[in-house]
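The structure appears below as structure tokens.
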Amino acid sequence: MSNNDWKKRLNIVYSTNPDFQYQTEEEPEVESVPPSRQNLRITLDKRNRGGKQVTLIADFKGSEQELKDLCRFLKSKCGVGGAAKDGEILIQGDFRNKVADILKEKGYRVRVI
């Protein structure tokens, strides 16, 4: 980090310590796990959604960008909307079997619950 990166140190006003290091909240890179070593869990979820059903794909291990790319791929294959966050993918509607077949073709190990 350069010393001129003032946006990263907005919360620090002044320090008299000459060896002071600014602490940033950078998250470490998550290792990419190949699809053959991932065990994804597919469930149908209705809780807190106003009675609507969503297909929930959980236990994804990888970077946030890989999760978003997989979510985008699944949404386009199913022709519906969805979201990706916290290692989970939400696909609107009951697409458990279709999503399981798509993920198996891509090399993921899948368990439908």
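Pairs 52/104; 46/104; 75/106; 77/98: which are spaced more than 19 Å apart, C-alpha to C-alpha?
Checking Cα-Cα distances, 52/104; 46/104 exceed 19 Å.
If we count every other residue with Cβ under 14 angstrom of residue 96's Cβ, Lys/Arg +1 and Asp/Glu -1, where does the sum land?
Combined, the nearby Lys, Arg, Asp and Glu give +3.
Rounded if a/c is under 1.5, else prolate if a/b is larger than b/c, else oblate: which is the stretch 53-113, with a ≥ b ≥ c the root eigenvalues of its Cα gyration tensor?
Cα axes put the stretch 53-113 in the rounded bin.
Given labels modelled 7 Å from the Cα in the Cβ direction, how far is it in nm from residue 61 to residue 45?
Inter-label distance under the simple model: 2.0 nm.
Which three lengths, in whole Å and largest first, does the stretch 40-83 cover when its Cα atoms are put on their principal axes?
That gives 30, 22, 14 Å along the principal axes, largest extent first.
What does the net charge come to around residue 78 if you take all other residues with beta carbon closer than 13 Å to its beta carbon, with K and R at +1 and D and E at -1?
Summing Lys/Arg as +1 and Asp/Glu as -1 gives +3.
Tell me, in nm to one decimal, what length is gained between residue 72 and residue 31 on full extension, where the rule is 0.36 nm per residue of separation less the Cα-Cα distance?
Full extension of this stretch gives 12.7 nm more.
Since every read-out is calculated from the coordinates, none of them should be taken as a lab result. Since the model is a prediction, treat every value here as computed from it, not as a measurement. Glycine gets a Cβ as well: all are built from the backbone with ideal geometry, and neighbour counts include every protein chain shown.
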